[in-house]
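This report refers to the structure that appears directly beneath it.
The values are calculated or read from the model by the stated rules, or taken from the named source; none is laboratory data. Everything numeric here is computed off the predicted structure, so don't read it as measured data. Virtual Cβ from ideal backbone geometry, glycine too; neighbours counted across all protein chains shown. Note: accessible area is taken over every heavy atom of the protein model, side chains too, but ligands, DNA and RNA are not part of it. Shrake-Rupley method; radii C 1.70, N 1.55, O 1.52, S 1.80 Å.
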Amino acid sequence: MTDTQIQDFTLRITQSNRTGIIVILYEVLDVYLGEAISAADDYERMKEALRNAERVNYELMDALDMQYDISEGLYEIYDFIGRALERAVIRKDMKDIPRIRKIVSSMRETFGKLEKNDDSGAMMKNTEQIYAGLTYGKGTLVETTDTTAGGRGFLV
């Protein structure tokens with residue numbers, strides 16, 4: 001994962017509600033699966049990407065609230081994904097990963113629809129508000145960002 005992707009995901013996490021964070025986790029999982037596929041001929045890189053994907057999958061499992069019936073079904077899906085990732089590392093076989101990627105994509109789309117209806121506030125409180133925009137520079141577009149402290153830190 002590139003530094004730019006990490007920064008983008010981090011920024012989005014600070015501004016997201018619970019459902020939005022799940023959507024972001026699906027996107028991170030998809031990035032790692034894509035890295036594993038592209039590194040199929042380099043076992044060490046493939047293994048690292050699959051291990052990272054496993055960590056994200058475990059985070060999705062930990063986020064489940066088992067008091068709801070649907071969580072049991074989601075747990076089974078995440079367990080299936082986890083076993084497929086482990087199998088790919090052990091057998092050095094990527095044949096199931098495109099299918100796993102389709103499952104993750106479908107789940108991301110579903111949770112993306114749910115996110116639109118989730119009117120709860122951002123999970124992280126007391127974070128900086130960030131404003132971004134584009135301006136015209138000499139012959140190019142220039143991206144600008146502005147953060148406001150918003151009462152954070154110490155005031156002397």
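Keeping every protein chain in place, order Arg91, Arg55, Arg83 by accessible area at 1.4 Å, biggest value first, i.e. largest first.
Arg91, Arg55, Arg83
In terms of accessible area, using a 1.4 Å probe and ignoring ligands and nucleic acids, Ser120, Ser71, Ser38 rank largest first as Ser38, Ser120, Ser71. Sorting the segments 21-32, 2-13, 97-108 by their residues' average number of neighbouring beta-carbon atoms within 10 angstrom, most packed first, yields 21-32, 97-108, 2-13. Take the alpha carbon gyration tensor of the range 11-99, find the square roots of its eigenvalues, order them as a ≥ b ≥ c, and report rounded if a/c is under 1.5; if not, report prolate when a/b exceeds b/c, else oblate. Cα axes put the range 11-99 in the oblate bin. A simple spin-label model places the labels of Thr140 and Met1 2.7 nm from each other, with each point 7 Å out along Cα-to-Cβ.
Return the aspartates and glutamates within reach of Lys113: Cα separation strictly under 18 angstrom, same-chain partners fewer than 8 residues apart disregarded; answer none if there are no such residues. Counting by Cα, and skipping residues close in sequence, Lys113 has these aspartates and glutamates nearby: Glu27, Asp30.
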